[in-house]
Amino acid sequence: MITDAGNSAETAEEIHPVDQHAGRKHGFWAGRSGLVVAGILAAIGTYLTAGILAMDVPEGAKAPGPTFFPTLIVIAIFVLAVLLVVQTLRKPEHVVEAAAEHRFHTDWKSLGLVFGSFLAFALLLVPVGWLISAAMLFWGVSRALGSKRPLFDLGLSLVFASCIQVAFGAGLGLNLPGGILEGIYG
């Protein structure tokens, strides 16, 4: 088929492509990926609730007791999940049609550093103790997030881990693993 300008219909279509997705309606889930995160939060909250209910509380436990803070955390998790569901249903995210134009980047180095720090923390917690393993975790995460001051981060990590140690020991009466420093402050 030849148009008035002398171009074939195929050539005109190549110059001005027809949007094949025009008028296409999106399903319910379009722009509502936040519901998945809310579901994950609800699952974590349910798991923690089961752990709280199965917790062995000693008869002579002082008020507020060992289930108080975990209960506060579970309540906060469920409140956040409900708020996320309400926000996602009321205002879904804008769906970008031309996703091929956007290029996404994953910072594998940072992700690996955070994962490695957490794995080292989990493996070293009992033999090395809370203070050193938590300081290593906090330092590794700060480096992964882009901090350029390693000595400052190390000092701040030690102070932060020490504050948590004191809060658990003095404030809650719970002992975190001492590890190799057991005789010094344990």
Task: Residue satisfying condition, being surrounded by 11 or more Cβ atoms within 10 Å (Cβ to Cβ) and at pLDDT below 85, within set Pro58, Pro66, Pro70 - done: Pro66
- [ ] Quickly run through segment 49-86 and pick out the residues that are of a type in the set (Gly, Ala, Ser) and under 15 Å from Gly39 (Cβ atoms).
- [x] Ala81
- [ ] Would you mention how many residues in segment 137-182 are part of a loop (DSSP other than H, G, I, E, B) and more than 30 Å from Ala61 (Cα to Cα)?
- [x] 5
Task: Enumeration of residues in segment 135-156 that are surrounded by 13 or more Cβ atoms within 10 Å (Cβ to Cβ) and more than 27 Å from Phe68 (Cα to Cα) - done: Met136, Trp139, Gly140, Val141, Ser142, Arg143, Ala144, Ser147, Asp153, Leu154, Gly155, Leu156
Open item on the list: Return the pair list, or none, for Cβ contacts closer than 7 Å from residues in segment 103-128 that are assigned by TED's automatic domain parsing to the domain that holds Ile180 to residues that are among the charged types (D, E, K, R), at least 6 apart or on different chains.
Closed with: Leu113/Arg143
TODO: Would you be able to tell me the number of residues in segment 118-136 that are among the aliphatic types (A, V, I, L, M) and over 17 Å from Ile180 (Cα atoms)?
DONE: 1
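The values are calculated or read from the model by the stated rules, or taken from the named source; none is laboratory data. Keep in mind the model is a prediction, meaning the values are calculated, not measured. Virtual Cβ from ideal backbone geometry, glycine too; neighbours counted across all protein chains shown.
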